[in-house]
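The values are calculated or read from the model by the stated rules, or taken from the named source; none is laboratory data. Nothing here was measured: the structure is a model prediction, and the numbers come from that model. Positions of Cβ are generated from backbone atoms using ideal geometry, with glycine treated the same way; all protein chains shown enter the neighbour counts.
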Amino acid sequence: VQNVMIRNNVQIDGVINNDTIGGRVGIPQTVRMFAEGTDTSPHREFARYYRYINGLYNPEFPLTFINALDREGRWGDQREFVNAGIPAIRITESQEDPSLLNSITDTYEKIDYSYLAKVTRLNLAVVANFAGAPARPEPPSVAAMAIPGSFIMTWIPDRFLAGYAISYRPVGSDDYPPLRFVNSNEAGHIALTDLVPGTTYAVSIAGIDANGRISMFSPEVIVSP
């Protein structure tokens, strides 16, 4: 990664390492997602977006988030991207059989193709949305108002977009809260009210195109009480 991709200025917005995703009949119908760091780290931001898009398109196949680079004592190809500072996550089936790992007994007959199809649909939804969505916005400016729990957000909106999603995530939460939406002709200068005084929030915005595809959220702005 460092010697080839970084040196040659290859643009990498995020890395999804799918490793051990074939499933087996009878395992829980969920999938594990590994991403380490603080909840404002690039890897956790990417993981949060991945899980949000999955919730829109595949709510019947939930993701279990694990704050770790990988399973204990293991590591996957996402590690070198993480070391290079590139947002990266690992997707792994919900329940592994250690006796099959790296074994000649791990043959195609043991794959649960229904489970594998769900993981494939998950990745397709995220990648297609990510690739077709607007560019990631710059972070907004956030200033406190006189009323506790109220803030003014300002940014330069793209009038070609359908609108923006606004996240006001309590720091420490793994997921986005219920989002607020504004049309593009109303975007750029809005009041964010009814936040809980005394709570620290991570505020960010995402662009939405005419087809409803949502961009990566901007870097988060920390708003302290």
Only one residue in Arg44, Arg32, Arg51 is surrounded by 15 or more Cβ atoms within 10 Å (Cβ to Cβ) and either in contact with a Lys or Arg (Cβ under 9 Å, 6 or more places away or on another chain) or among the acidic types (Asp, Glu) (or both). Which one?
-> Arg32
Can you tell me which residue in region 9-62 is farthest from Tyr201 (Cα to Cα), limited to those that are touching a Leu at 6+ places or on another chain (Cβ under 8 Å) and in a strand (DSSP E or B)?
-> Val31
Looking only at region 140-151, decide whether some residue is among the hydrophobic types (A, V, I, L, M, F, W, C), modelled with pLDDT of 90 or more and in contact with a Leu (Cβ under 8 Å, 6 or more places away or on another chain).
-> yes
Expected single match for more than 20 Å from the chain's Cα centre (by Cα) and at pLDDT 80 or above among Ile27, Ile53, Ile16 is Ile27
When you scan region 189-209, how many residues do you find that are more than 16 Å from Tyr49 (Cα to Cα) and either outside the structural domain of Ile156 (by TED's automatic domain parsing) or aliphatic (A, V, I, L, M) (or both)?
-> 5
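Conditions (1) part of a loop (DSSP other than H, G, I, E, B); (2) in contact with a strand residue (DSSP E or B) (Cβ under 9 Å, 6 or more places away or on another chain), marked per residue:
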position	(1), (2)
Ala143	no, yes
Pro148	yes, no
Ile152	no, yes
Ile156	yes, no
Tyr164	no, yes
Arg169	no, yes
Pro177	yes, yes
